[in-house]
Each structure stands twice: as structure tokens, then as C-alpha cells.
């Protein structure tokens, strides 16, 4: 018999110290069926509202909730004239939007106007380089996973390195020619002031001390260097709509979840004073379809193929969330922070 995952109780808010209370109780793992009942707690302070898993897997056992995690899956890339056109438009959009002088040809820059005709596409492309504007330099992607972000940043001139806990992920990324190290950010395997940028794409919610991770990233940055974070937004429109069925709760892998206020507090506690925090509807389609499936069946298939009708419905929801962002800046599913040292 497999031993139960060891857990530790966390009763108070990491940011303000207030005693928390149960928001959602007896949740199951709705994606990979890790055994156990899990609860989401919330800080009661109106100025805070941090969410966290309680109890949460211990540092020693947390690796056990990732045995079948989706980043192990191989991505199958399609090719063809239309795909090449989309790739050219992507290069042109990013080069023009973020000032990369050598990132695209003149033709590609003209094609880069096309994404503006497709609602939601600019948000997705912004995410593909984590809102990092030129000039490029040396960048570390924390939680590199499959290496998709490293490849994107490398294509626009960054000297890209990655960091990930999982040996299988690291080996796969190295097989693709990517420079990825195995381990965690707090191990301090890099010298201080050795990077021009650090990215954390949906990584911060997985760690036991997110403030310490942000502080460690700050130490790695050179003066003027940038930290870019993407993480789920607990104040999003779809969280309000789906409640305990909201996909990004993802127990037991998401340990801490933020809103604009709490991520700003975490950045300040970690030593940053110059930053902006905003939300994006980049993943509204995916979050809507996953949350809808969880509400209907109690489960979401992370790698399954959605029907065309479902994909169209998801895009319609993304368009609705984009419109909602005009009057409600908290509505977006992704919470984005770009901080400068």
C-alpha cells in the first residue's frame, strides 16, 4: 500500500499573518486524481484575501502530486502554409509590440497586424514572451517545463536558460537543445546579479514560500533587470462564476493563489518597489472549458481534445471576458506582474 502524502497545516496568512478560514472544503483532485480531500482557506482581511491550500503537502512529499503532471506530455506541432502564416504573424506582432529590432522581417511586421483582428490573440502572444520588451539579454525561466517559453525567448535574441525540479522534464528539454538546470530557485545555484530577466510562468502558485522565491529572483537580477510573473487571478470573472469548480484552484498542486493586492504585497515584501500588476484574459477559453467540465463531471482531462463546438464556446467566453476587462480590471484569468530591480 502506498503511504499517504504527508501534509502540514497552515492556519495563518503568509502575507499579513491573519488567521484564515475555510473557503472551500473537501475538494478532490479534479485533474490527476491524487488521493485525499483538500481545503482552500482564505485570509479574511479586506485588504488581503490571499488563498492557500490547508493542509498542504509537505516540502518532502510535494513531489508526489506531480507524478503524472501534464508538462510531461509531448507537444505535437502541425505544419503547413496556414501554420507558417500564423508563425510569421506572431513574429511580426511580437517584434513590433515589444521593440525587437531583429525579431522579424518587414513582411512579418506587416503580417503582425493580423492578430489584432482575432479577439484574444494579442493577449496570448504577449504571454508567449512574458511581456518582456527589448533589449534582450540573459534570461532565466523558472519552472521551464517543456521549454516552450525558452524557445520563444531564444528566437527573439535572449540568452535563455531554464530551471525545473523534474529530472524527466530537464532531460527532455536538453534533448531539444535547451539549456535547462535541475533544481529549485532557493538553492542559489546562480550568482547574484547574473540575469537581465527572470520569468515565472504559472510557477509561483506551486511553491511553499512564494515571497522567498520572488526575493531570490530579485537577487539574480542585475540593476534594471526585470521579473515577469504569470499566475492565476483569484478575483477573476470565471472564479466568481464557478466558485469551487474554478479550474485554477487545482488542489493539491496550487498552494497559494493571488489577486492584484496580494501579489503586490508579495512583491513589496520581497524587496521590489517598481512594478505593475494587471490581469489578462489570455487563458479565459481554457479556464472556462475546464471549469465547466469540473462542474459537470468533477473532472477535467488536461490533454484531451475538445470538440469544435466547445472550442468556439471557449473563444466566445474569452471575448466576453476581454470586453469585461474594459470596465473591470480584475476580470482576467491571468494575473501578471512585471517588476524592475
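The values are calculated or read from the model by the stated rules, or taken from the named source; none is laboratory data. Keep in mind that what you see is a predicted model, and the values were worked out from it rather than measured. Positions of Cβ are generated from backbone atoms using ideal geometry, with glycine treated the same way; all protein chains shown enter the neighbour counts.
Scanning region 266-282 for residues that are buried (at least 19 other Cβ atoms within 10 Å of the Cβ) and within 18 Å of residue 14 (Cβ to Cβ) returns 266, 267, 270, 272, 277.
Say we look at region 157-199 and pick out the residues that are in a strand (DSSP E or B) and in contact with a helix residue (DSSP H, G or I) (Cβ under 6 Å, 6 or more places away or on another chain); which of these is surrounded by the most Cβ atoms within 10 Å (Cβ to Cβ)? The residue in question is 198.
For region 119-151, name all the residues that are at pLDDT 90 or above and over 22 Å from residue 179 (Cα atoms). 120, 121, 122, 123, 124, 125, 126, listed by residue number. Entry remark, region 236-257: residues being part of a helix (DSSP H, G or I) and touching a helix residue (DSSP H, G or I) at 6+ places or on another chain (Cβ under 6 Å) number 5 in total. Among the residues of this structure, residue 91 counts as one that is under 23 Å from the mean Cα position of the chain (by Cα), at pLDDT 90 or above and not in a loop (DSSP other than H, G, I, E, B). Say we look at region 15-32 and pick out the residues that are in contact (Cβ under 8 Å) with a residue 60 or more places away in the chain and part of a loop (DSSP other than H, G, I, E, B); which of these is surrounded by the most Cβ atoms within 10 Å (Cβ to Cβ)? The selected residue is 15.
Of all residues in region 153-165, those that are at positive phi have Cβ atoms under 6 Å from Cβ atoms of residues that are surrounded by fewer than 24 Cβ atoms within 10 Å (Cβ to Cβ), 6 or more apart or on another chain, in 157/136.
The residues of region 303-323 that are part of a loop (DSSP other than H, G, I, E, B) and surrounded by fewer than 16 Cβ atoms within 10 Å (Cβ to Cβ), listed by number, are 303, 304, 305, 307. Of all residues in region 258-295, those satisfying the criterion of being under 14 Å from residue 330 (Cβ atoms) and part of a helix (DSSP H, G or I) are 260, 261, 262, 263, 264, 284.
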